[in-house]
Amino acid sequence: MTLVDEARRVDPDGGLVAAFGADYVDAFRINGTRGATARAWADSSLHGSRGLFGSIVWHGLLRFDLLPHDAPGSAFGWTVSTCEPALMVMDTDGSLAAGRMVFVIDGDAVTWTTMLRYHRAEARWLWAVIGNGHRAIGPRCLNGAAAHLIGARS
């Protein structure tokens with residue numbers, strides 16, 4: 001798995017990033033399992049966020065206005081903007097920043113992109129600190145999803 005340094009590798013035409021107006025973008029890419037949808041990758045990668053992580057980090061620190069986890073048209077409290085077999089886009093907003101997560105299936109590779117658009121300067125310095133945790137946990141989440149999805153298909 002590699003950290004994708006340039007959004008062009010994830011979003012070649014720049015449409016998703018440009019339309020969002022991201023101040024911060026990172027992406028993780030892993031060889032995936034053929035046949036798993038982008039939604040399956042998102043569900044498996046983010047399943048741990050249903051507990052304290054979502055409450056403490058997304059709602060508490062980043063101050064995202066999350067929906068109830070079981071709200072129609074949502075996933076993990078984020079609004080599902082696009083849900084296609086090879087593309088899932090989830091958006092949220094809050095007082096400090098707006099967030100977007102994108103899961104893309106490209107052949108046998110899966111890429112998870114995280115974008116933030118800062119509303120206040122506080123968000124930039126906050127992410128400078130907690131973003132390190134995100135970059136450490138992201139690859140582990142995708143690896144865990146791969147193990148789960150491969151195990152589920154065996």
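The values are calculated or read from the model by the stated rules, or taken from the named source; none is laboratory data. Since the structure is predicted, the reported quantities are computational estimates derived from the model, not experimental observations. Virtual Cβ from ideal backbone geometry, glycine too; neighbours counted across all protein chains shown.
Among residues that are of a type in the set (Ser, Thr, Tyr) and over 19 Å from Asp43 (Cβ atoms), Ser81 is not included. Among residues belonging to region 1-52 that are among the basic types (Lys, Arg) and modelled with pLDDT under 70, point out the one that is surrounded by the most Cβ atoms within 10 Å (Cβ to Cβ). Of everything passing the filter in region 1-52, Arg9 is surrounded by the most Cβ atoms within 10 Å (Cβ to Cβ). Cβ-Cβ contacts under 9 Å between residues 6 or more apart (or on different chains), taken from a first residue in region 37-66 that is among the basic types (Lys, Arg) to a second residue that is assigned to a helix (DSSP H, G or I) and at pLDDT 90 or above, are listed as Arg63/Ala123. For region 116-123, the condition holds for at least one residue, the condition being that it is surrounded by fewer than 21 Cβ atoms within 10 Å (Cβ to Cβ) and assigned to a helix (DSSP H, G or I). Against the test of being surrounded by fewer than 21 Cβ atoms within 10 Å (Cβ to Cβ) and under 15 Å from the mean Cα position of the chain (by Cα), the options Arg135, Arg100 yield a single qualifying residue, Arg135. With respect to Ile150, is the statement that it is over 15 Å from Asp23 (Cα atoms) and surrounded by fewer than 16 Cβ atoms within 10 Å (Cβ to Cβ) true? So Ile150 passes the test. Does Ala109 satisfy the criteria of being at pLDDT below 90, in contact with a strand residue (DSSP E or B) (Cβ under 8 Å, 6 or more places away or on another chain) and under 23 Å from Val80 (Cα atoms)? Spelling it out, Ala109 is indeed at pLDDT below 90, in contact with a strand residue (DSSP E or B) (Cβ under 8 Å, 6 or more places away or on another chain) and under 23 Å from Val80 (Cα atoms).
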